[in-house]
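Enquirer: This is the structure I want to talk about, given as structure tokens.
Where a number appears in this text, it was derived from the coordinates with a stated rule and is not lab data. Because the structure is predicted, anything quoted here is derived from the model rather than measured. A quick note on method: Cβ atoms are made from the backbone with ideal geometry, for glycine too, and the neighbour counts reach across all protein chains shown.
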Amino acid sequence: MKLKGIFLLLNGVLVAAFLVIFLLPVLLIGGDYFALFWARNWIIAVLFLAALAAVNLYFVYNWQLFKAVEQEDWGATAAILEGRIFRRGIATAASVRMLLTAYLVGSHSESILALEAYLRRRRPALLARFSLQFGIPYLLMKDMQAPEKFFASLLGERGVHHRDWVSWNRAFCLVQAKREQEARAVLFPLAEPGPDPILRLLALYLLDVLARRDTEAAARVKEGRDQLQGRHTREALAKIVEKSSENIEVVVLSRMIDDAADWLYSPATGKPRG
């Protein structure tokens, strides 16, 4: 078991470090001076033993959780973390991140919504920190009214991670709800050159839906499309998508990203999608 090996290795390294620190002086300066050395440096031994005890207690406390994760038993992982968060009220960033991963792997959208409702009362800052993960169930809803409100409320909070992606999510909801002027206002800045070509591609792809009835949107789409084609070959863009797999939204929207890439590199017809 990898977990047991890591546990034993860490303990071995710490104990070996302790022996080197406290036995090496005996070999170098002789046993007569060891008592003096110990008297002056006993605090180091105390701190070391405290650190060793803390490491072992941490492993013991999380043993079942680590074991479940190692075995990719996401149901057991979720059950352990739900006990800590919902029943004991221990909602740390690490536990919330891991629970969200378990829910996403198991496609438990309703559980993500329940966790969101709980944290909104107890730790609202964590909603902003894990904005993309909490947004996934909303992107999958058919009625866009609640999702648009969720993403709009997130954008009104401080410290929102992946703010541009949250903006795109809101724009997606607005397009689906046919609130075109509001969607246009959100998409125009996202369609400008930026550090994330995938986000820009998706912004242009959505903006193209509005281009039939909006000449300015059509011009922005043409300009952005030409720029993306000139800067990235299809193979290069595919590599960027692959490297962005740690972004959960890139994974969830993989089908749309493929469709957007087809649209980007297909011969221009001069007609926007509608």
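Enquirer: Report the calculated FRET efficiency for Ser107 and Arg231 (r = Cβ-Cβ distance, R0 = 22 Å), to the nearest 0.05.
Expert: 0.05
Enquirer: Same structure again: Just need the relative contact order of segment 48-168 here, percent rounded to a whole number, with Cα pairs under 8 Å and 6+ apart.
Expert: 16 percent
Enquirer: How would Leu10, Leu139 line up from fewest to most surrounding beta-carbon atoms within 10 angstrom?
Expert: Neighbour counts put them in this order, fewest first: Leu10, Leu139.
Enquirer: For the chain, take the longest principal axis of its alpha carbons; what is the angle in degrees between that and the long axis of helix 145-155, to the nearest 10 within 0 to 90?
Expert: 60 degrees
Enquirer: Next question, about the same structure. Residues of segment 112-139 with backbone nitrogen within less than 12 Å of a virtual label 7 Å along the Cα-to-Cβ line of Phe86, please, listed as ranges.
Expert: Hits in segment 112-139 for Phe86 at 12 Å: 112-119.
Enquirer: At what distance in nm do the modelled label points of Leu155 and Asp262 sit from each other, each positioned 7 Å from its Cα along Cα→Cβ?
Expert: So the two model labels end up 2.9 nm from each other.
Enquirer: How many angstrom lie between the C-alpha centres of segment 180-200 and segment 114-160?
Expert: Value for the Cα centre distance between the two parts: 20 Å.
Enquirer: What ranking of Thr215, Thr77 emerges when the number of other C-beta atoms within 10 Å of each C-beta is taken as an exposure proxy, fewest first?
Expert: The order, fewest Cβ neighbours first, is Thr215, Thr77.
Enquirer: Most mobile of Leu228, Leu52, Leu100 per a Gaussian network model of the chain (Cα springs, under 10 Å)?
Expert: Top of the fluctuation ranking is Leu52.
Enquirer: Right, another one. Helix 2-29: angle to the longest alpha-carbon principal axis of the chain, degrees 0 to 90, nearest 10?
Expert: Approximately 40 degrees, to the nearest ten.
Enquirer: If you average the alpha carbon positions of segment 60-101 and of segment 202-274, how far apart do those two centres end up, in angstrom?
Expert: A separation of 38 Å, based on Cα centres.
Enquirer: Applying 1/(1 + (r/R0)^6) with R0 = 45 Å to the Cβ-Cβ distance of Leu47 and Arg179, what FRET efficiency is obtained, to the nearest 0.05?
Expert: Plugging the Cβ-Cβ distance into 1/(1 + (r/R0)^6) gives 0.15.
Enquirer: Gain in length, Ala16 to Ala117, computed as 0.36 nm per residue apart minus the alpha-carbon separation, to one decimal in nm?
Expert: 31.6 nm
Enquirer: On to the next question. Place the peptides 189-195, 63-69, 206-212, 43-49 in order of packing, highest mean first, counting for every residue the other Cβ atoms within 10 Å and averaging per peptide.
Expert: Ranked from most to least packed, the peptides come out as 206-212, 63-69, 189-195, 43-49.
Enquirer: Here are some values of Rg/Rh (Cα atoms, Kirkwood Rh): [x] 0.96; [y] 1.06; [z] 1.18. Which one was computed from this structure?
Expert: So the calculated entry is the one marked [z].
Enquirer: What distance in nm separates the simple spin-label points at Asp73 and Arg40, each placed 7 Å from Cα in the Cβ direction?
Expert: Those two pseudo-labels are separated by 5.3 nm.
Enquirer: So how do Tyr61, Tyr118, Tyr205 line up by other beta-carbon neighbours within 10 Å, fewest first?
Expert: Tyr61, Tyr118, Tyr205
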